[in-house]
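Below is one structure, written out as structure tokens; the observations come after it.
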Number of protein chains: 2
Amino acid sequence: MDDFTYRNETELIFGKQALSCVGEKTRSYGDRALVLYGGASAIRSGLISRVILSLKQSGVEVFELGNVEPNPKMSLAYRGIEICKREKINVLVAVGGGSVIDTAKTVGMGAVYDGDAWDFFTGTQAASMLPIGVVLTIPAAGSESSADAVMTREEDKLKRASCAGDFIRPRFSILNPELTYTLPPYQTACGAVDIIAHVLERYFTTVRGVDVTDRLCEGIVRSVVAASKRVLIQHDDYNARAELMLAGTLAHNGIVGLGRRGDWASHAMGHEISALSNAAHGATLAVMFPAWMKYVYQTDIRRFAQFANRVFDVQYMPWDENEMALEGIRRFETFLHQLGMSTKLLDMGVKEDAIPLMAKKCHQAGSFVSLDEAAIADVYRLAL
Amino acid sequence: MDDFTYRNETELIFGKQALSCVGEKTRSYGDRALVLYGGASAIRSGLISRVILSLKQSGVEVFELGNVEPNPKMSLAYRGIEICKREKINVLVAVGGGSVIDTAKTVGMGAVYDGDAWDFFTGTQAASMLPIGVVLTIPAAGSESSADAVMTREEDKLKRASCAGDFIRPRFSILNPELTYTLPPYQTACGAVDIIAHVLERYFTTVRGVDVTDRLCEGIVRSVVAASKRVLIQHDDYNARAELMLAGTLAHNGIVGLGRRGDWASHAMGHEISALSNAAHGATLAVMFPAWMKYVYQTDIRRFAQFANRVFDVQYMPWDENEMALEGIRRFETFLHQLGMSTKLLDMGVKEDAIPLMAKKCHQAGSFVSLDEAAIADVYRLAL
């Protein structure tokens, strides 16, 4: 097990009654709030109105920034930063999924920074930020309690993760599984894949002696596999929605990665697909993870055999761990297809001729296996 | 899944290098520290000197309170409170296991309170407390990141848990598995049992729809079962010691209990044994948990069958889940015996004639099954 430090101050407020405290909670951090949200669905459902009403009733002056898109763009974050500086905003409320929360994190860092907020995605550590509260509507990104943000700069189609730290975690996150009943099946499935990917990026590690976190990882993936199938059958299955929401937070708050080194190559390769095609993040992971697994599994066949055995119930076959490993990958692919996800790059609208540029932009990725540009291109080709 | 709120601000500093920052970390919370510790071993090993040197080098003035005993007593906490008030202590450093940390928590609450600190164990909520840092030497109680403390009042042999909240969690905890190499096998085993018991108290719940946390619980118990056997064979197996230390923290920081109602009857019944006989906490749990399981398992045979299947690999037998459940309990007992633990009350020096008084003091316990005085006496008798 590797040495580590861990701190997570996010207060989780989970359940059917959770939303009622959003005004009061926000007020404890500031009295001038910028509420960020995405598209029409959150407005149509009345959620934005309920949040704003609660804020106003708690004496918070409210400003709004809507239209956050999937694969959120820096241009909108710049607008948010401008509003914060002009209106002396002192707290941010993100109502949505990872895109909205990551935009809020970027705005929160940029609002108290004199330079270009893109700096935070190219190596600069933010020194401070505005406090953020979250009302989560999509269990997927885990950004509601994570120390990360991912943004896209449109000009050069660069999608990058922030180099921040524990302090960019939201101060509080309101998690009501009922708010996810209206998610379309495709978004639900993309979310489940993202949750599983966050676990697997940590699971496939070169660090030895990580049994506790191995088992936490395996348990969360098993739960998400079961719960995601259930919600696709019955969209308002509260307990299954609750499992997904809790799993989404636990998958990316850092706990399951304690003492491990994560890989993150599949994420990096997936980001290049989204930057090019605007494909949903979870969809890119459904494509890249199985291809990556096939490309790297021989590096540590036993870890993949363990994954196969403990997550997908592939029987232990000491005389053929290679077959165990492959069967685990096949069952993972089958599960993705059961969710309605494609595992083919071509279904993202990405053809072979785009691979050289994507590989060049991705350049280097992974720690389980360190992939150079040529290897990355090979993985993309496996995913065609 | 039940609604919940969760917040845990404890910073975990884990690994071989962790101890080096104790002075600097402490200094960030205060400049007059009371260092609490237990018996001779921490002094003999040089650990206390190293901690105090680090504190002094960081400009912290150091006061000491040693001789904290297992099943820590209020009388010593009162002395600590007196020192804090007299010397204007503004930060506490607990070097030890649960007894030392719980004493520090009690001192921390009492130092800023005008009444009797025992109030915190009879229903009073503390409003504030001195900040606490921890150097952990025994993975067991989980107090290094928990919101609980347990103390014993000698006069009436009452051992009680605090009614505190998130704010009594330590601010930072230094977790170096190497510091546990010198733990005697019996204490190591008692610690492993305590860790498992913290998980199982949460695992056996009446709340439905808790699959994610079920699997986290099962994973941690499996890991502790494996790691505890390894360290009893090789006392300086770093990774196995690290698994126990990480598991001990995760077992009781609240994560594995999210959205569940815990039972805690075995803890309550065990406390009465310690109050009477001063038996080690873990030893009382090894006695009470199997007896409790046998007494209550028919309330929810399938939950016990799941435990048997997922934790102790008892095969699924749909035609005889009762036998699955019983076999799981038997395997759990066998594991306890492998650790060298007794599962008999008589081995604690507690005879049948003590049962009525223990049951009367315990009075009422449990939420998985609510036990009254007569039922508690029956469970004690099962453990004879």
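Taking the conditions exactly as written (open to solvent by 20 Å² or more (accessible area, probe 1.4 Å), more than 14 Å from every other protein chain (Cβ to nearest Cβ) and among the aliphatic types (A, V, I, L, M)), does residue B:62 satisfy them or not?
On the way: open to solvent by 20 Å² or more (accessible area, probe 1.4 Å): yes; more than 14 Å from every other protein chain (Cβ to nearest Cβ): yes; among the aliphatic types (A, V, I, L, M): yes.
Yes; evaluated as a whole, the condition is true for this residue.
When B:154, B:178 are checked against the criterion of being more than 19 Å from the chain's Cα centre (by Cα), open to solvent by 50 Å² or more (accessible area, probe 1.4 Å), within 14 Å of chain A (Cβ to nearest Cβ) and of a type outside the set (Gly, Ala, Ser), a single residue qualifies: B:178.
Has segment A:114-126 got at least one residue that is of a type outside the set (Phe, Trp, Tyr) and under 21 Å from residue A:23 (Cβ atoms)?
Kept after step one, since they are of a type outside the set (Phe, Trp, Tyr), are these residues of segment A:114-126: A:114-117, A:119, A:122-126.
Filter again for under 21 Å from residue A:23 (Cβ atoms), leaving none.
So far as segment A:114-126 goes, no, none of its residues is of a type outside the set (Phe, Trp, Tyr) and under 21 Å from residue A:23 (Cβ atoms).
Of the residues making up segment A:363-372, not one is in contact with a Lys or Arg (Cβ under 9 Å, 6 or more places away or on another chain) and surrounded by fewer than 13 Cβ atoms within 10 Å (Cβ to Cβ). Could you grab me the full set of residues in segment A:253-267 that are in contact with a Lys or Arg (Cβ under 9 Å, 6 or more places away or on another chain), part of a helix (DSSP H, G or I) and open to solvent by 10 Å² or more (accessible area, probe 1.4 Å)? Within segment A:253-267, A:257 is the sole residue that qualifies. When restricted to residues that are among the basic types (Lys, Arg) and either buried (at least 24 other Cβ atoms within 10 Å of the Cβ) or closer than 18 Å to residue B:274 by Cα (or both), segment B:190-214 contains 1.
The set of residues from segment B:215-228 being more than 10 Å from chain A (Cβ to nearest Cβ) and surrounded by fewer than 23 Cβ atoms within 10 Å (Cβ to Cβ) comprises just one member, B:225. The residues in segment B:152-182 that are of a type outside the set (Gly, Ala, Ser) and at pLDDT below 95 can be counted, and the count is 14.
Say whether the condition of being under 21 Å from the mean Cα position of the chain (by Cα), under 26 Å from residue A:191 (Cα atoms) and not assigned by TED's automatic domain parsing to the domain that holds residue A:248 is met by at least one residue in segment A:28-35. Yes; the residues of segment A:28-35 include at least one that is under 21 Å from the mean Cα position of the chain (by Cα), under 26 Å from residue A:191 (Cα atoms) and not assigned by TED's automatic domain parsing to the domain that holds residue A:248. So if I check each of A:212, A:231, which one is more than 12 Å from chain B (Cβ to nearest Cβ) and either assigned to a helix (DSSP H, G or I) or within 25 Å of residue A:147 (Cα to Cα) (or both)? Exactly one of A:212, A:231 is more than 12 Å from chain B (Cβ to nearest Cβ) and either assigned to a helix (DSSP H, G or I) or within 25 Å of residue A:147 (Cα to Cα) (or both), namely A:231.
For segment B:240-249, name all the residues that are at the interface with chain A (Cβ under 7 Å from one of its Cβ atoms) and either touching a strand residue (DSSP E or B) at 6+ places or on another chain (Cβ under 8 Å) or in contact (Cβ under 8 Å) with a residue 60 or more places away in the chain (or both). Walk me through it before giving the result.
Narrowing segment B:240-249 to residues at the interface with chain A (Cβ under 7 Å from one of its Cβ atoms): B:242-243, B:246-247.
Within segment B:240-249, B:242, B:246, B:247 qualify.
On the basis of being open to solvent by less than 10 Å² (accessible area, probe 1.4 Å), over 15 Å from residue B:245 (Cα atoms) and not aromatic (Phe, Trp, Tyr), does residue B:106 make the cut?
Numbers: open to solvent by less than 10 Å² (accessible area, probe 1.4 Å): yes; over 15 Å from residue B:245 (Cα atoms): yes; not aromatic (Phe, Trp, Tyr): yes.
Yes.
Within segment B:43-96, restricting attention to residues that are assigned to a loop (DSSP other than H, G, I, E, B) and of a type in the set (Gly, Ala, Ser), which residue is farthest from the chain's Cα centre (by Cα)? Among those that are assigned to a loop (DSSP other than H, G, I, E, B) and of a type in the set (Gly, Ala, Ser), it is B:59.
For residue A:30, indicate whether it is assigned to a loop (DSSP other than H, G, I, E, B) and either more than 9 Å from chain B (Cβ to nearest Cβ) or at negative phi (or both). When the stated conditions are applied, residue A:30 passes them.
Can you find even one residue in segment A:82-92 that is open to solvent by less than 40 Å² (accessible area, probe 1.4 Å), touching a residue at least 60 places away in the same chain (Cβ under 8 Å), in contact with a helix residue (DSSP H, G or I) (Cβ under 8 Å, 6 or more places away or on another chain) and under 14 Å from residue A:131 (Cβ atoms)?
Going through segment A:82-92, the residues open to solvent by less than 40 Å² (accessible area, probe 1.4 Å) turn out to be A:83-84, A:89, A:91-92.
Subsequent filtering for residues that are touching a residue at least 60 places away in the same chain (Cβ under 8 Å) retains A:91.
Still in the list and also in contact with a helix residue (DSSP H, G or I) (Cβ under 8 Å, 6 or more places away or on another chain): A:91.
From what's left, under 14 Å from residue A:131 (Cβ atoms): A:91.
Scanning segment A:82-92, I find at least one residue that is open to solvent by less than 40 Å² (accessible area, probe 1.4 Å), touching a residue at least 60 places away in the same chain (Cβ under 8 Å), in contact with a helix residue (DSSP H, G or I) (Cβ under 8 Å, 6 or more places away or on another chain) and under 14 Å from residue A:131 (Cβ atoms), so the answer is yes.
In a helix (DSSP H, G or I), open to solvent by 50 Å² or more (accessible area, probe 1.4 Å), within 14 Å of chain B (Cβ to nearest Cβ) and modelled with pLDDT of 95 or more: does that describe residue A:24? So residue A:24 passes the test.
The values are calculated or read from the model by the stated rules, or taken from the named source; none is laboratory data. From a predicted model like this one, the values you see are computed outputs, not experimental measurements. Cβ coordinates were reconstructed from backbone atoms using ideal geometry, including for glycine residues, and neighbour counts include every protein chain displayed. SASA here: full protein model, heavy atoms, side chains in, ligands and nucleic acids out. Shrake-Rupley method; radii C 1.70, N 1.55, O 1.52, S 1.80 Å.
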